[in-house]
1. Any chance you could run the full-extension gain for N104 through Q59? It's 0.36 nm times the residue separation minus the Cα-Cα distance, nm to one decimal.
2. Run through segment 74-106 and list the chymotrypsin sites (Phe, Trp or Tyr not before Pro) located in a DSSP loop whose Cβ has at most 12 other Cβ atoms within 10 Å.
3. Excluding T67 itself, calculate the net charge of residues whose Cβ lies under 14 Å from the Cβ of T67, where each Lys or Arg counts +1 and each Asp or Glu counts -1.
Amino acid sequence: MRFRTPLRLLAALVAVAALPGFAAADHDRPFKGALTTTATVGPILTDEGLYFEGTVAGQATVLGKITGSFAYYLDPYTGVFIGTITKVAANGDTVQEFVYGQYNATFTGSAGYTVITGGTGRFDGVTGGVSFTGTVTGAATAYLVFDGTISQGK
């Protein structure tokens with residue numbers, strides 16, 4: 001079975017990151033935090049790979065306490081995963097991100113990056129991105145630490 005969608009999504013991610021709005025803005029702010037992910041759906045075998053979705057909870061600069069959701073496809077042969085994450089601030093404003101990463105050979109840790117593609121409320125029009133590292137903490141949970149920038153650009 002070949003898993004094609006992660007490569008297509010990666011190509012789309014690179015194309016989106018090249019758009020003029022993703023250039024460094026005058027309003028770059030540190031965007032750091034930590035979150036726990038809990039898979040609530042998956043693994044579901046698809047032509048694109050193993051599909052997972054779930055929830056996130058944690059703390060981040062700029063957002064404060066966060067909740068949210070994620071969805072991604074995992075190529076079980078390479079450990080590469082690609083998908084989306086939505087981080088929700090306490091007031092309901094959101095930050096949306098494309099996620100690209102890879103698990104280590106034992107699937108006990110991961111590393112990758114995200115590209116911020118927008119948001120709602122006070123995060124309307126935001127751009128930026130973070131790098132992250134993760135540690136699998138249970139059968140359906142992981143702990144991630146991220147560090148990057150978020151830019152209003154307005």
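We did not get these values from a lab; they are worked out from the coordinates using the rules stated. This is a predicted model, so every value here is computed, not measured. All Cβ positions, glycine included, derive from the backbone under ideal geometry; neighbour counts span all protein chains shown.
1. The N104-Q59 span can extend by a further 13.7 nm.
2. Answer by residue number: Y77.
3. With Lys, Arg at +1 and Asp, Glu at -1, the net is +1.
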